[in-house]
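The values are calculated or read from the model by the stated rules, or taken from the named source; none is laboratory data. All values derive from a computational prediction rather than experimental measurement. Every residue, glycine as well, gets a Cβ built from its backbone with ideal geometry; the counts of neighbours run over all protein chains shown. Just so you know, the surface numbers come from the protein's heavy atoms only, side chains and all, with ligands and any DNA or RNA stripped out. Shrake-Rupley method; radii C 1.70, N 1.55, O 1.52, S 1.80 Å.
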Amino acid sequence: MARLDIRIYGDPVLRREADEIHQFGPELEAFAADMLETMQANDGIGLAAPQVGVSRRFVVIGMPEEAEGGDEPKLRVLLMANPEVIEESAETDVLEEGCLSLPEITVHVDRPVSVKLRYQNLQGEQVVIEAEGVLAKVIQHEIDHLDGILITDYLPPLKKTMMQGRLKRLSEQHREASRTGTGG
Ligand code: CO
């Protein structure tokens, strides 16, 4: 397993529409393991392939589950190729979201409270699940990444203007990192 570099705001890969996955099996399994390790090393609960520079429709999610008295918190892990929302609730609510590609920035994002989702597992089998609460939000956030959408796209114009300086500094940081080759 290897830890991958997280791409930061300003990296064009974050704005690309990611390609569908057609190949399943050991290579995808190895990539999924690297993504999980990278996500956990950065204290994330979700990570999309474009965030590690791979423009493919692949997402990992690791949500802490309620642990029973003193046990280590368990992770609910989802490894999803080609995830797609097929139904969403009319009801929405707002959650303050962060993103590993936008360090120290949070945005209040309004999204459906529950979704029905279709994806393929590491073997390429179709899976349909329903999710609600924070998990539903994380799933929608990660699918956004596959379409080149970032949480800052949800900012109202005035707030976006106010955040312009911080975003500019992040993209400069990205350019600096790609020039020195230290990654983001
Ligand atoms: Co994100």
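Below is a table of values for the structure above.
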| quantity | calculated |
| --- | --- |
| Whichever residue in region 152-180 is surrounded by 17 or more Cβ atoms within 10 Å (Cβ to Cβ) and farther than 13 Å from LEU14 by Cβ and, among such residues, is farthest from the chain's Cα centre (by Cα) | ALA177 |
| VAL85 vs. criteria more than 14 Å from the ligand (Cβ to nearest atom) and open to solvent by 30 Å² or more (accessible area, probe 1.4 Å) | yes |
| Residue count for region 98-128, restricted to those that are in a strand (DSSP E or B) and open to solvent by less than 30 Å² (accessible area, probe 1.4 Å) | 7 |
| Among (1) open to solvent by less than 30 Å² (accessible area, probe 1.4 Å); (2) among the β-branched types (Val, Ile, Thr); (3) under 19 Å from ASN82 (Cα atoms); (4) within 16 Å of the ligand (Cβ to nearest atom), the one test that ILE149 misses | (1) |
| Which numbered condition PRO50 fails, given (1) within 16 Å of the ligand (Cβ to nearest atom); (2) open to solvent by 10 Å² or more (accessible area, probe 1.4 Å); (3) at pLDDT 95 or above; (4) in contact with a helix residue (DSSP H, G or I) (Cβ under 6 Å, 6 or more places away or on another chain) | (2) |
| Residue check for ILE129: of a type in the set (A, V, I, L, M, F, W, C), in contact with a strand residue (DSSP E or B) (Cβ under 8 Å, 6 or more places away or on another chain) and within 16 Å of the ligand (Cβ to nearest atom) | no |
| Members of region 6-34 found to be part of a loop (DSSP other than H, G, I, E, B) and over 18 Å from SER178 (Cβ atoms), listed by number | GLU17, ALA18, GLU20, ILE21, HIS22, GLN23, PHE24, GLY25 |
| Given (1) open to solvent by 10 Å² or more (accessible area, probe 1.4 Å); (2) in contact with a Cys (Cβ under 9 Å, 6 or more places away or on another chain); (3) in a helix (DSSP H, G or I), number of the condition GLU37 does not satisfy | (2) |
| Candidates LYS137, LYS168, filtered to the one that is out of contact with any Leu (no Cβ under 6 Å at 6 or more places or on another chain) and of a type in the set (Lys, Arg) | LYS168 |
| Some residue of region 57-73 being surrounded by fewer than 20 Cβ atoms within 10 Å (Cβ to Cβ) and of a type in the set (Lys, Arg) | no |
| Checklist (1) within 16 Å of the ligand (Cβ to nearest atom); (2) in contact (Cβ under 8 Å) with a residue 40 or more places away in the chain; (3) among the small types (Gly, Ala, Ser) applied to GLY124, failing item | (1) |
